[in-house]
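Visitor: Got a structure here, written out as structure tokens. Questions coming.
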Amino acid sequence: MRAEDLPSTAEWEIWHQDTFDPDSPRQVEAAGQGLLAGLVQLWARHLFETVQADGRKGFSRFNLWWKQETRSVEIVGDWEGQVRLRQWVYGDKPSTDRKTGDQALLQWIAATHQQRILRGETSAEILTLAKAAGNRQDFEQHLSGKNIAGNSARNR
């Protein structure tokens, strides 16, 4: 298998840990194929459940288990950047459905994270850029300017 085929053939699982009840067992919440699809699921869950609308930390922790690589992927980095991304993706929507978020922005964030993973990096720079940005448009420009993301979510 060629290295460039790894992301599209990646088999993954999204694991959930209830941090409120430490005796609660970890559980698989989703599974699928394609690293990008898995990262979209990871970011959606993390931004909706781990990062609360009011900026507090929720009682859910998630990681993606990439089976072929036998490696765990987590979202790491600046908390303020995570809160900003949560606001840009979900806003103050009262809905309890994480599918109501900005799917184009989630896809773009996940694609950027995938590129960073393939280079042996983490999500930290994405969150640093989110913290430094004055607004979503600035964030997208910063991300594009760093050449780590590809096309802007606004253009999709």
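Every number in this text was worked out from the coordinates using simple rules, so none of it is lab data. Because the structure is predicted, anything quoted here is derived from the model rather than measured. When we count neighbours, we look across all protein chains shown, and the Cβ atoms used for this are built from the backbone with ideal geometry, even at glycine.
Visitor: Sorting Asp92, Asp18 on the 10 Å Cβ count, fewest up front, what's the list? Provide the component values of the computation, followed by the final result.
Guide: Details: Asp92 7, Asp18 14.
So the residues, fewest neighbours to most, are Asp92, Asp18.
Visitor: Have a look at Ile126, Ile75, Ile117 and tell me which one the Gaussian network model of the chain (Cα, springs below 10 Å) gives the largest fluctuation.
Guide: Looking only at Ile126, Ile75, Ile117, the largest GNM fluctuation is found for Ile117.
Visitor: Here's something else I'd like to know. Using 0.36 nm per residue of separation minus the Cα-Cα distance, give me the extension gain between Thr122 and Ala104 in nm, one decimal.
Guide: Numbers: separation 18, 0.36 × 18 = 6.48 nm, distance 2.08 nm.
Length gained between Thr122 and Ala104: 4.4 nm.
Visitor: Give, to the nearest whole percent, the P(r) tail of the chain beyond 26 angstrom, counting all Cα pairs.
Guide: 23
Visitor: List the chymotrypsin sites (Phe, Trp or Tyr not before Pro) in the range 15-53 that DSSP assigns to loop (not H, G, I, E or B) and whose Cβ has at most 14 other Cβ atoms within 10 Å. Which are they? Intermediate results must be reported in sequence, preceding the final value.
Guide: Numbers: sites: Trp15, Phe20, Trp43, Phe48; in loops: Phe20.
Listed in order of number, the matching sites are Phe20.
Visitor: Moving to a separate point now. Which residue, Thr128, Thr70, Thr112, has the most motion in a Gaussian network model of the chain that connects Cα atoms within less than 10 Å?
Guide: The residue with the greatest mean-square fluctuation here is Thr70.
Visitor: Of Ser144, Ala53, Leu105, whose Cα points farthest to the positive end of the dipole of the chain (charges on the beta-carbon: +1 Lys, Arg; -1 Asp, Glu; origin at the Cα centre)?
Guide: So the residue furthest toward the plus end is Ser144.
Visitor: Near Val73, within a Cβ-to-Cβ distance under 12 Å, what is the net charge of the other residues, with Lys and Arg +1 and Asp and Glu -1? Provide the component values of the computation, followed by the final result.
Guide: Values: positive: Lys67, Arg71, Arg116; negative: Glu13, Glu69, Glu74, Glu121.
Summing Lys and Arg as +1 and Asp and Glu as -1 gives -1.
Visitor: Return the distance in nm (one decimal) between the two label points of a simple spin-label model at Ser8 and Lys67, each offset 7 Å from Cα along Cα→Cβ.
Guide: Here the modelled spin labels are 1.9 nm apart.
Visitor: Which of Gly77, Gly134, Gly55 moves most in a GNM of the chain, Cα contacts under 10 Å?
Guide: Comparing Gly77, Gly134, Gly55 in the GNM, the peak value goes to Gly134.
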